[in-house]
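Novice: This is the structure I want to talk about, given as C-alpha cells.
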Amino acid sequence: MSEQMMGKKQMRYALDDVPRPPALVGLGLQHVLTMFGATIAVPLLLGAAMDASPGEQALLVSSVMIASGIATFLQVRIGTRLPLIQGVSFAFLGPFFAIVAVRPEGVTDAMPAIAGAIMAGALVPMILGYSTLFGKVRNLVSPVVIGPVIALIGLALFDAASDQAGADWGLASVTIALGILFNLVLATKFRFFSLFPILLAVIASYAFALALTSAGVYGDGHASAVSFDGVADAPWLRDPSTLIFPWGTPEFVPGFIIGALAGFLASMIESFGDYFAVGQASGAGEPTEAQVNRGIGAEGLGSFITGLLGGFSSTSYTENIGLVGLTRVASRAVVYVAAAALVVIGLVTKAAAVIATLPGPVVGGLYCLLFGLIAAIGITQSTRADLTSQRNLMIMGFILFMGLVLPHYFAQNQDLVITGVDTLDGIIHTIGSTGMAVAAIFGLVLDNVIPGTREERGLTTPPA
C-alpha cells in the first residue's frame, strides 16, 4: 500500500470528505480560532507603530480578516488544493516597520506605501508560480533540507509562544492541559473530543478566564482578564465604501518594493516547507511540482488582493497545519467554511471585537501545543533521507542550528551595517531574521554542492 493511501486511511476526514453541518461549522471555526491570535497580532503591532486611532485599528483588523478569507479560498480552490489557511506573514514586519519609520505621519501616510509595496511585490510570486519556474526548485530540494526547514517553521516561533503564554503561565497551562486531555485521552473514547480538541480547549479556557475575571481574580490590566470594552465601541458592520483602497491610492516606491521582496522571498521559502508539511499531515503525500507552482501563484494573487483591501500580505499558516495533524481532519470543505467565517468576521466588526477578547495566554497555550507538532512533522520528513550518513547529519545539524543562530544574531543587532546600502542591508536583515529562509538557503547550497547519492539524500521516492 502506498504512503498516500496509508495516510488517507488514517484521516478522520480526508480532502474530499464533507462532515455533517454541525461538525463542519465547528471544525471551520476551530481553524479560525487557531489562527486568530497571529492574524490580529500584525495589524495590532503595526497599528500601534502608526499611532492608529481605535477606528483605524478596527479597520486594519477587519481588512486583514477579509483578505485572509479570500486568500484562503483561492489557495484551496485554485492553488495547492490542500487544507491551507492563509493569513498575515510575520516575514514582512521588518520591511513594513521600515516604511512606517520613513512615513511617520500616521496610518494614512504609511499604508498607501505599504499597499503599493505589497501589490508590486506580489507580482513576483505570481510570475514565479504561474510561469512554472518556482516548481523547478522542488527537484533540488531533498528531505535533508525539507526536514529542518519544516522543523524551523515551528521552532522559530518559540518566542511568540513564550511571550503569549509567559504573560500568565497559569491560564496557558490550563489551555495546554485541556488540549492534551481532550486530544490524547478523551479523544480515544469519544469521537466528539477527537474532532474538536482545540476548539473545546479554547472555549473551556476562555470560560475559566471569564469566570475569574468576573470574580475579580483577574483585575483590570491582567494579561488573562477578559474585557468587553472594545466590543461596545466597535460598529456592527464594515462600511462598504472602505473595502477597496481604504487608505487611499497605493504609492509605488522602489525602495519600499525591494524591501517587501525580501519578505516575499522568506514567505515563499516558508510556504514551500508548509506545502510538504500539510501534505504529510493530511495524508496527501508530497506536493507535485504543479501544486507547488499553483500554490505560490495563488499566494501572490492573494497578497495582491490584500493590497487592494488594505491589509498586510498573505501566506500559509503553520499553526493550522499543526491543527490538521492534531485532529486528522483535512477536509477542503472545512477550510472553505473557515474562509467564509473570516470574511464574515471582517465584515461584522462586532464579531471580530468579541473574538479579540480571547486572552493572550490562551493563544500562547495553543502555540505550545501546535508549533511543536510542526517540528515533529519536519523530523518525520527527514527520516526519508539516510540518517546514518555523516554527510546528511552534518548538513541537517548545521542548517537547523544556523536557522536559530542567525535570526537571534540579527535580532540583537538591529542597526547592523553590512554593505552600507540601506536597501540591500534591509533585504539581508529580513532574510537573516527568518530561520526558514536561512536554513533553506544554506541547505540548498550544501545539499546540491556536496556530493551525495540520490538514495542517500532521500530522492528515490517518486513524487506523490
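Novice: Among the residues that make up region 203-222, is at least one of them more than 25 Å from residue 353 (Cα to Cα), assigned to a helix (DSSP H, G or I) and within 26 Å of the chain's Cα centre (by Cα)?
Specialist: no
Novice: A further question follows. Which one is farthest from the chain's Cα centre (by Cα) among residues in region 447-461 that are touching a residue at least 40 places away in the same chain (Cβ under 8 Å) and farther than 13 Å from residue 390 by Cβ?
Specialist: Per the stated criteria, the residue is 455.
Novice: Please go through region 321-369 and pick out each residue that is under 15 Å from residue 278 (Cα atoms) and among the small types (Gly, Ala, Ser).
Specialist: Our first condition is that a residue be under 15 Å from residue 278 (Cα atoms); within region 321-369, this holds for 321-332, 334-335.
If the condition is that a residue be under 15 Å from residue 278 (Cα atoms) and among the small types (Gly, Ala, Ser), then 322, 325, 330, 331 are the ones that fit.
Novice: For region 149-175, which positions are assigned to a helix (DSSP H, G or I), surrounded by fewer than 24 Cβ atoms within 10 Å (Cβ to Cβ) and within 20 Å of the chain's Cα centre (by Cα)?
Specialist: 155, 158, 159, 160, 161, 162, 163
Novice: Within region 313-355, can you find the residues that are touching a strand residue (DSSP E or B) at 6+ places or on another chain (Cβ under 9 Å) and closer than 18 Å to residue 21 by Cβ?
Specialist: 327, 329, 331, 333, 334, 339
Novice: Under the condition of being hydroxyl-bearing (Ser, Thr, Tyr) and surrounded by 19 or more Cβ atoms within 10 Å (Cβ to Cβ), which residue from region 423-464 is modelled with the highest pLDDT? Write out each step before concluding.
Specialist: Initially, region 423-464 is screened for residues hydroxyl-bearing (Ser, Thr, Tyr), giving 423, 430, 433-434, 453, 460-461.
Okay, now just the ones that are also surrounded by 19 or more Cβ atoms within 10 Å (Cβ to Cβ), so 430, 433-434.
On the way: 430: 70, 433: 75, 434: 72.
Taking the candidates together, the pick is 433.
Novice: Have a look at 224, 142 and point out the one that is surrounded by 15 or more Cβ atoms within 10 Å (Cβ to Cβ), polar (S, T, N, Q), modelled with pLDDT of 80 or more and within 16 Å of residue 269 (Cβ to Cβ). Write out each step before concluding.
Specialist: Details: 224 fails: within 16 Å of residue 269 (Cβ to Cβ).
Only one candidate qualifies: 142.
Novice: A follow-up question, please. Looking for whichever is buried (at least 18 other Cβ atoms within 10 Å of the Cβ) and in a helix (DSSP H, G or I) here; the options are 180, 198. Which one fits?
Specialist: 198
Novice: Of everything in region 282-335, what is assigned to a helix (DSSP H, G or I) and closer than 14 Å to residue 198 by Cβ? Give them in sequence order. Before the answer, list the steps.
Specialist: Within region 282-335, the subset assigned to a helix (DSSP H, G or I) is 289-309, 318-327, 332-335.
If the condition is that a residue be assigned to a helix (DSSP H, G or I) and closer than 14 Å to residue 198 by Cβ, then 319, 320, 321, 322, 323, 324, 325, 326, 327, 334 are the ones that fit.
Novice: Would a scan of region 54-71 turn up a residue that is out of contact with any helix residue (DSSP H, G or I) (no Cβ under 7 Å at 6 or more places or on another chain), modelled with pLDDT under 85 and either surrounded by fewer than 23 Cβ atoms within 10 Å (Cβ to Cβ) or of a type in the set (S, T, N, Q) (or both)? It would help to see each step written out before you state the result.
Specialist: As a first pass, look at region 54-71 and keep what is out of contact with any helix residue (DSSP H, G or I) (no Cβ under 7 Å at 6 or more places or on another chain): 55.
Next cut, modelled with pLDDT under 85 only: 55.
With the extra rule that they be either surrounded by fewer than 23 Cβ atoms within 10 Å (Cβ to Cβ) or of a type in the set (S, T, N, Q) (or both), the set shrinks to 55.
Yes, the conditions are met somewhere in region 54-71.
Novice: Please go through region 355-367 and give me each residue that is under 15 Å from the mean Cα position of the chain (by Cα) and either under 7 Å from residue 172 (Cβ atoms) or without any contact (Cβ under 8 Å) to a residue 12 or more places away in the chain (or both), ordered by number.
Specialist: The initial filter retains those residues of region 355-367 that are under 15 Å from the mean Cα position of the chain (by Cα), namely 363-364, 366-367.
The one that is under 15 Å from the mean Cα position of the chain (by Cα) and either under 7 Å from residue 172 (Cβ atoms) or without any contact (Cβ under 8 Å) to a residue 12 or more places away in the chain (or both): 364.
Novice: Specify the residue that is nearest to residue 262 (Cα to Cα); the eligible residues are those in region 307-346 that are within 14 Å of the chain's Cα centre (by Cα) and of a type in the set (A, V, I, L, M, F, W, C).
Specialist: From region 307-346, those within 14 Å of the chain's Cα centre (by Cα) are 312-324; that's our starting set.
Those left that are additionally of a type in the set (A, V, I, L, M, F, W, C): 312, 321, 323-324.
Details: 312: 14, 321: 24, 323: 28, 324: 29 Å.
Residue satisfying both the conditions and the ranking: 312.
Novice: Limited to region 101-118, what total is found for residues that are surrounded by 20 or more Cβ atoms within 10 Å (Cβ to Cβ) and not small (Gly, Ala, Ser)?
Specialist: From region 101-118, those surrounded by 20 or more Cβ atoms within 10 Å (Cβ to Cβ) are 103, 107, 110-118; that's our starting set.
This time we only want the ones that are not small (Gly, Ala, Ser), so: 103, 107, 111-112, 114, 118.
Residues that pass the stated criteria total 6.
The values are calculated or read from the model by the stated rules, or taken from the named source; none is laboratory data. As the structure is a computational prediction, the values presented were derived from the model and not from experiment. Here the Cβ is made from the backbone with ideal geometry for all residues, glycine too, and neighbour counts use every protein chain on show.
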